[in-house]
Amino acid sequence: MVRRPVAWIVAVVLFAEALGVAALNWFMGVVVDRQNMSLAGLDPDVMSTSSKIGGILFGLYFALCGLVALLVALRDRAPAGLGRVLLISAAVVHGLLGAFAWGLLSWPQFLFMVVVLALIVLLLMTYDAQERPAARQSEGSKGDRGGPPVTPAPVTPPTAPTTP
């Protein structure tokens, strides 16, 4: 039974995004390589190679974040340690990419980045508010054994005495 489907959705979206980012950067590297043109005196081979390497690294980063979301979905537990840091960094990256998309591209790209950002934040917040088990009462505090009922301790401490 799937209790929290948001982790599965985030995992699928991040894996698809990893593939898309890697493919797009690889395509841009091929285009730069075939045009054989320089940008501000940079070597076209260096630009092509760096675009392909950057695409692979970003794709691996998003795939690793997708793997963390998949593990969260399989275990049905909150991400901890490095996994939590990776998901938080992915949320920050999507926020920055959304800002750049709004300024440089158009609103559909911005909307995609914001939706992915919202899904990652929802994943992090959903598992933060996990249900805690109720505190068990001791056998003598139930009041059904003939003893006096136990009154709970006050929530706030008593006020401090004042001197005249």
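Just so you know, all these numbers are worked out from the coordinates, no wet-lab data involved. It should be emphasised that the depicted structure is a prediction, and the values quoted were computed from it without experimental measurement.
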Fill in: Theoretical gain in end-to-end length, A118 to A16 [0.36 nm per residue, Cα-Cα removed]
35.1 nm
Discussion item. Averaging over every viewing direction, what projected area does the convex hull of the Cα atoms of segment 25-88 cover, in nm²?
Written reply: 5.4
Discussion item. Test of understanding: express the Cα radius of gyration of segment 1-111 as a ratio to 2.2 N^0.38 Å, with N the residue count.
Written reply: 1.28
Response to the item:
Answer check: segment 73-114, Cα atoms, Kirkwood Rh, Rg/Rh ratio of 1.18
